[in-house]
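These notes concern the structure reproduced below.
Values in this text are rule-based calculations from the coordinates and carry no lab data. These numbers come from a predicted model, not from an experiment. Cβ placement follows ideal geometry from the backbone for every residue including glycine, while neighbour counts extend to all protein chains displayed.
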Amino acid sequence: MKIRKSFFAVIAVCFLFFSGITLVGVGAESLTVDEIMDKMEETAPDFTTQKTISEMILIDEDGKEEIREMIMFSQKGEDEKTSTLMRFLSPKSVKGVTLLNINDGEKIYLYMPAYNKPRRIAGSSKGDEFMGTGLSYEDMSMDYKDNDYEKKLLEETDSEYIIEVLPTEEDVSYEKIILHVDKEKFYATKVEFYEADNELSKTLTINKIKVDDNGKVTPMEIEFTDIAENQKTKIVMKETEYDVELSSSFFSIRTLKKPTL
Amino acid sequence: MGVISLEYKDLFQVKNLQCIKNIVDELDKAPYIKSVTSFLNMPEIISTEEGLEVKDLVEVFPKNDKEAKELKESLLENSLVKGKFISKDGNVTLLMMEFKKGIDGKELKDNLTKIVDSQKGDAIKVYYSGMPLMSADIEESSRDTMRLSIIALILMLFVLYFCFRSIRGVLMPLIIAFLSSVWVLGLVASTGRSVTMVAAALPLLMIALATAYGIHFISRYYEERHNYEPLKAVQMTIKDTFTPILMSALTTMAGFLSLSAAIVRPVTEFGIFSTMGIFFAFILATFFLGSFFKLFPPPKIHEKFSSDAKDLISQVLNKIFYLVTEKKKTVIIIVLVILIGAIGFVPQVKSNSSMESRLGEKNQITKTLNYFKDKFGGIDTLYIYTKANNVKNPYILRQIKKIEDYSRRLPSLKESSSISDFLIDLNDAMENKKIIPASEQKIDNLWFFAQDNKYVTSMVGDKDEDTLVSIKTKEMTSDALDLSIAKVREYIDTIPKRVKQVDPSQLEEKERQNYYPYLADEIISSLQAKGIEIKNIDSFKKELVLLAAQPNSEFERDDQEFIDEILSLSSLEIEDLGLSKEDVSPLLASYIQNNQSVDFFIDKLMNELNLSEDDALYLQEILEDSRKIAQEREKIKTAQLKTEELLGKKLNNEEKSILWYLADSIVYVPDDKGDIEVSFRLSGTPVITDRINSSLFRGQIRSMLLAFLMVFAMLVIQFKSLKVGLYAMIPLLLTIITAVGAMGIFHIDLNVSTMMVSSIAIGAGIDYTIHYISRYKNELKKKNKRNALKATLTGTGRAIIFNSISVAAGTFVLSLSSIKMMGSFGQLIGSVMIVSVIYTLLLLPILLDKVDFKIKKESK
């Protein structure tokens, strides 16, 4: 059986790269789960392409940090499938390593500059961790559908909604996901991923956000914790640009080799 | 490093595998463990038409027993796992742990046991191994040895009572021993040292040796009491015994102190602590006993202390007196026969520091080691600790590979593993070259791709400054292994430790020529490391240099096979453009076969495949890149065939791959000022035991010589006679020879512990001599030779025998120790004490008879 990450594993990651959330006024009346979800969906910013430059800080169990800078382009296709291209800018040892993900992970290619030839990442390793980041290839690929999960409002506190999401499809790697949604701004402040036996395996928190002139929320610092491995990945956004112009063949193998993007 | 092995009746059942997984998970979380490696997280590189991946060997946990059985079959086909992480029968699995520094062995083991016991399920056997865990076991055994002290004590109580027939006579020597032991142990503790295996034997040894002074004192006091009233007896005793006790203490101390010259640390410590202990015992035996008998004189003394006693020991002593006065020749002949016999067995003594020899086959550690040997063909590992600024440098990785290849062929060494092996496999998956690529960037890229795998990352230290190459050894220690280790050392010595990096593409062709010989050298040495014999190295090297200089383009072919290779190398990009290989093939064939111009080819691509100019340019570029790769492949293929022809031998895949070095983009040149520097250090138990084995003999000889010299010097000073000094050494020398001969007869191996026997024999055996000569000299002042001899034999001779049997009784208890080394140590010391008495009482009288002491007779 192939392991596949569920929808929210990916929501989490989608925050990493291109999420912005519309500020939605909230009434006093309580909302249903679907309404909350809808509001969150609504907050997704209207853009087809995005460019971000961010810093990825890998923190191991001894607290040792490794910083990698990366640039990422993403584009939503007509069928709402996303393609992304991500390249490491520093440090020297990883500079130029580029990952291309076409249509939500339909195909994933890896380009290592020293080898000069792109390689395809084989299908079954998509669930594997991506290059020591604590994130899987799939996490990176945003491969998700929103119709195979069941959700329930567990609790409503003064500041947040706590929502439980149960994947209905058998083919998933998480048994349960708990979402903490900010009541005011409707973005997930924290996502908890539970594996078999209800064991909390990963968490994702959004430490910092930015609200722009149009009232959109962009997460600026995201922290991803792999509890089992005692490993953290922090992502700090340095630059975000929406609706950048990209050529039609941008998300293709030939871009992988280009020295400048 | 530590190892846990778990054996199940049938490991590959879901529930048992789940147990293993749980244990691994728990261990992984434990704060004192740096990393855990098991078959569950071994890396596997899969290269398919589709792409490439590195994944954990057991990516998907089996759902049912059928899947578990399938997993078993696939794992038993994997050379990385079979015999390394899973026994050949598939029912025992190993978990390897790397511990954080500064963890106490006992605590560690307790914690591990707790985790394993709670999760192990139906495991039938669990074993723990690895240095920190074994030292916990050793400590445990050491405590057993200390418990033996109590038994030794009780035994000595009986012996002493048999000797003195008085409670004082029993208790006082033991109190001396007890107090001096306490003082020594307190000293060990105050220096902050832990109780090592050897230090554990120390209290027992003190009990055995320190009683001697008490025995001599009390024995003499009892003797004097037959002639004088209590206070006068104390005076006389102190007057006559102070010097011999001091002398024997000093000489014993000298003997022990000589141990401190040994190279092996525990032995050195043992020597120093024993020296202190003896000193304390001397202080107590003279001052404390003197005061005690002055304050509490025994009212009645057993009649056997009188000179005409008829008890068993007196009878023995009288017999000795008869022998040494009437049957001198017989005595000497018997002694010589024994001596020659002993010398005959001396060559049979073997030095063996193996765990089994030291601990005995019944010891838990030996059992564990034998179990691992049985299931996994040995657990001992020779490590080559590699240190450099960046161990992930291609030059260093290639040297590691050579060392591995070389080592593997040596008789006592088995398979090896290193980071090089993994990177070679990964590079093979990346670009079909089973070598370490010459470019540092490629290594970086490979590493980056693989660094989520724990097994791989745990092999390289922080900051990439060190890495371990591990080579399994067939046995724990043996002469053959020592030889193999020496060979590995020699091999490492031949490797240039400092090199610089040259990029030939930056040089003029003429200058470039200078670097091809280095490529050839690396190819030759790599092939040789793999055991390939190259008869005519010079001509082979010349051939390689020629090949290296030949441009790749000269190796191009224009057949369809070559065209297909280019297409297959470009398949991803062709597909990406929405084309198929078949679309491109005829155009490419015509381009290459007819030697068409680039522009013409681009036009063709645009027109016939409906590509934009941009796309056509791009495709042409891709195809050219692939063409270069294909040319390079042809060149290497030619080189491989040529090599086989020149060597007259078919090469296997891995050997052929070495020829890829001809295409290296970077050349590494030995240079004393080079910025790439590497050092290799051998370590691991086999190396340590090897070192102990060789230092054993040096230490042994050194400490014996030292002891001999010190004792001899002291005797000469005390008796102001060179002759007496020389004579006194004879019984000692004979004792040592006999003891070593006895080791040969009883197959007792020479090791850290038994090597001390000779030193102890000197230290303790000399006591007899000193007391004997001292008394004899005193008696001569009052009596003629014959009567002085009789008085000495029945007086001091009695004390010597008391001493020897009580010491022997005490040390023989050690033979019950669960540590075999301690056991044979005890037996040997015990025997040495008795042999020494025999030599002293039989030989000294005969020898001293030849000495003229020039003593003025005291008037009666």
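Points to keep in mind about this one:
- Ranked list, fewest to most other Cβ atoms within 10 Å of each Cβ, for B:Val126, B:Val584: B:Val126, B:Val584
- 0 to 90° range, to nearest 10: angle between helix B:479-493 axis and chain B longest Cα axis: 50 degrees
- Averaged over A:251-260, number of beta-carbon atoms from partner chains that fall within 10 Å: 3
- Degrees separating the helix B:613-647 axis from the principal Cα axis of chain B, which is the longest one: 50 degrees
- Potential lengthening between B:Leu641 and B:Glu608 on full extension [0.36 nm per residue; Cα-Cα distance subtracted]: 7.9 nm
- Near A:Tyr187, the amide H atoms lying under 5 Å from its own belong to A:Asp182; only residues 5 or more places off or on other chains count, and H is placed 1.01 Å from N.
- Pairs of Cα atoms farther than 44 Å apart, chain B, %: 49 percent
- Options B:Ser626, B:Ala548, B:Gln560, ranked by Cα towards positive dipole end of region B:504-664, top entry (Cβ charges): B:Ala548
- Of B:Phe345, B:Gly214, B:Leu569, farthest towards positive along the dipole that unit charges on Lys, Arg, Asp, Glu beta carbons give chain B: B:Gly214
- If only the Cβ of Lys and Arg carry +1 and only the Cβ of Asp and Glu carry -1, the dipole of chain B around its Cα centre is close to 10500 debye.
- Simple label model, 7 Å out from Cα along Cβ direction - A:Met220 to B:Glu67, nm: 4.6 nm
- Subtracting the Cα-Cα distance of B:Ile124 and B:Lys785 from their residue separation scaled by 0.36 nm leaves 230.6 nm.
- Neighbouring Cβ atoms from other chains, within 10 Å of the Cβ of residues in B:430-439, number 1 on average.
- Helix axis angle, B:419-431 relative to chain B longest principal axis, alpha carbon, degrees: 10 degrees
- Shielding by partners, peptide A:106-118 (average Cβ within 10 angstrom, other chains): 5
- Residues A:Glu65 and A:Thr157, FRET efficiency given R0 of 35 Å [Cβ-Cβ distance, rounded to 0.05]: 0.60
- Remark: B:Met729, B:Met253, B:Met833 ranked as B:Met729, B:Met253, B:Met833, counting other beta-carbon atoms within 10 Å and listing the fewest first.
- Cα-based radius of gyration of region B:504-664 once divided by 2.2 N^0.38 Å, which approximates compact folds: 1.25
- Least to most buried among B:Met42, B:Met606 (fewest other Cβ within 10 Å first): B:Met606, B:Met42
- When the C-alpha to C-alpha distance is required to be over 18 Å, the pairs from B:Lys541/B:Lys642; B:Lys29/B:Lys88; B:Lys106/B:Lys474 that qualify are B:Lys29/B:Lys88; B:Lys106/B:Lys474.
- Close amide H partners of A:Glu69, meaning residues 5 or more places away or on another chain with modelled amide H under 5 Å apart, are A:Met56, A:Leu89, A:Ser90.
- Only one residue of A:Tyr194, A:Thr218, A:Asn230 has its Cα farthest out toward the positive end of the dipole of region A:187-244, where Lys and Arg carry +1 and Asp and Glu -1 on Cβ, and that residue is A:Thr218.
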